[in-house]
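Below is one structure, written out as structure tokens; comments come after it.
The values are calculated or read from the model by the stated rules, or taken from the named source; none is laboratory data. None of these values were measured; they are calculated from a predicted model. Every residue, glycine among them, receives a Cβ derived from its backbone with ideal geometry; neighbour counts consider all protein chains shown.
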Amino acid sequence: MKDSSEIRLAIVCPMANEGEEGARFVAEVLKRCAGFRETRFLAILDNATRDGSTELLRELEKSEPRLTVVWAPENRCVVDAYIRGYREALGANADWILEIDAGFSHQPEDIPAFFAKMQEGYDCVFGSRFMKGSRVSESSVKRYLVSRGGTFLTNLLIGTRQTDMTSGFELFSRPALEMVLQRGIHSRAHFFQTEIKIYCRHLRIVEVPIHYRAPSPRLGTSALKDSLRQLRRLYSLRRAGQL
């Protein structure tokens with residue numbers, strides 16, 4: 001395993017309507033990402049941002065060389081934002097790619113645990129809200145139950161063994177993320193995080209406990225339907241020996 005001083009790290013973080021908190025979040029994340037050969041914070045913004053966050057982050061970009069603002073008006077959904085970030089990270093020759101949600105729903109102080117595990121030789125490190133040592137606060141009961149239920153159902157149908165199949169706080173090696181993109185992400189809603197974990201299930205993976213904190217956005221009927229449709233598709237592929 002390379003020493004961290006030899007590793008190029010990219011941080012993929014879709015952002016929208018963060019206001020002045022966006023700059024503070026960038027600073028707090030970068031504080032935990034010292035010691036790498038190169039660190040690049042990729043802030044992915046699109047037309048969902050209407051409060052001036054783009055201008056604030058572009059101003060910060062002038063004084064923070066590790067920050068890159070990626071304007072992606074072509075995005076049609078949040079999945080497009082993440083995929084654009086993944087491709088930007090790979091295009092920057094990143095060795096490790098950290099995915100984290102803005103707005104302090106994911107806590108920057110949890111980041112070092114991901115790096116420590118990756119240094120042990122894992123391909124992917126996934127944050128878990130439900131394993132021992134984790135914590136969830138300020139999240140809706142509905143979202144909590146959907147996440148727990150989705151994890152149970154996915155483990156049952158696909159044969160995965162993770163405690164949290166829906167979290168979006170994760171660290172990938174370059175080959176792992178390249179494999180995911182080559183397989184293709186079909187979900188157009190929140191289930192894409194589960195889809196990624198399913199594709200990675202045969203790699204060397206591990207979970208670390210995280211503190212998830214933030215009121216969850218409304219989980220609409222269309223997102224739930226997409227989740228069930230994609231899970232049924234993946235289950236069929238597994239039954240056919242194609243997954």
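Values for this structure:
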| read-out | value |
| --- | --- |
| Filtered residue count, the range 1-25, keeping only those that are farther than 30 Å from TYR122 by Cα, among the hydrophobic types (A, V, I, L, M, F, W, C) and either in a loop (DSSP other than H, G, I, E, B) or in contact with a strand residue (DSSP E or B) (Cβ under 8 Å, 6 or more places away or on another chain) (or both) | 1 |
| Test set (1) surrounded by fewer than 22 Cβ atoms within 10 Å (Cβ to Cβ); (2) farther than 22 Å from GLN193 by Cα - LEU57 fails condition number | (1) |
| Positions within the range 189-208 being within 15 Å of the chain's Cα centre (by Cα), assigned to a loop (DSSP other than H, G, I, E, B) and more than 14 Å from GLY150 (Cβ to Cβ), in sequence order | CYS200 |
| Matching option when the condition is without any contact (Cβ under 8 Å) to a residue 60 or more places away in the chain and of a type in the set (A, V, I, L, M), among ALA176, ALA189, ALA113 | ALA176 |
| Test for THR39: is it hydroxyl-bearing (Ser, Thr, Tyr), without any contact (Cβ under 8 Å) to a residue 60 or more places away in the chain and crowded, with 20+ Cβ neighbours inside 10 Å | yes |
| Extreme residue, farthest from TRP96 (Cα to Cα), among residues of the range 26-35 that are assigned to a helix (DSSP H, G or I) and touching a strand residue (DSSP E or B) at 6+ places or on another chain (Cβ under 8 Å) | VAL26 |
| Where a residue in the range 54-70 is under 17 Å from ARG32 (Cβ atoms) and its partner, wherever it lies, is of a type in the set (S, T, N, Q) and surrounded by 12 or more Cβ atoms within 10 Å (Cβ to Cβ), with Cβ under 8 Å and at least six apart | ARG66/THR39 |
| Given (1) closer than 20 Å to ALA27 by Cα; (2) crowded, with 19+ Cβ neighbours inside 10 Å; (3) touching a helix residue (DSSP H, G or I) at 6+ places or on another chain (Cβ under 9 Å); (4) of a type in the set (Phe, Trp, Tyr), index of the condition PHE130 fails | (1) |
| Matching entry among VAL78, VAL70 (being modelled with pLDDT under 95, of a type in the set (A, V, I, L, M, F, W, C) and closer than 24 Å to LEU181 by Cβ) | VAL78 |
| Candidate set from the range 17-36 (those that are in contact (Cβ under 8 Å) with a residue 60 or more places away in the chain and more than 18 Å from LYS117 (Cβ to Cβ)); member that is nearest to the chain's Cα centre (by Cα) | PHE25 |
| Residue within the range 83-94 that is touching a residue at least 60 places away in the same chain (Cβ under 8 Å), outside any helix (DSSP H, G or I) and surrounded by 18 or more Cβ atoms within 10 Å (Cβ to Cβ) present | yes |
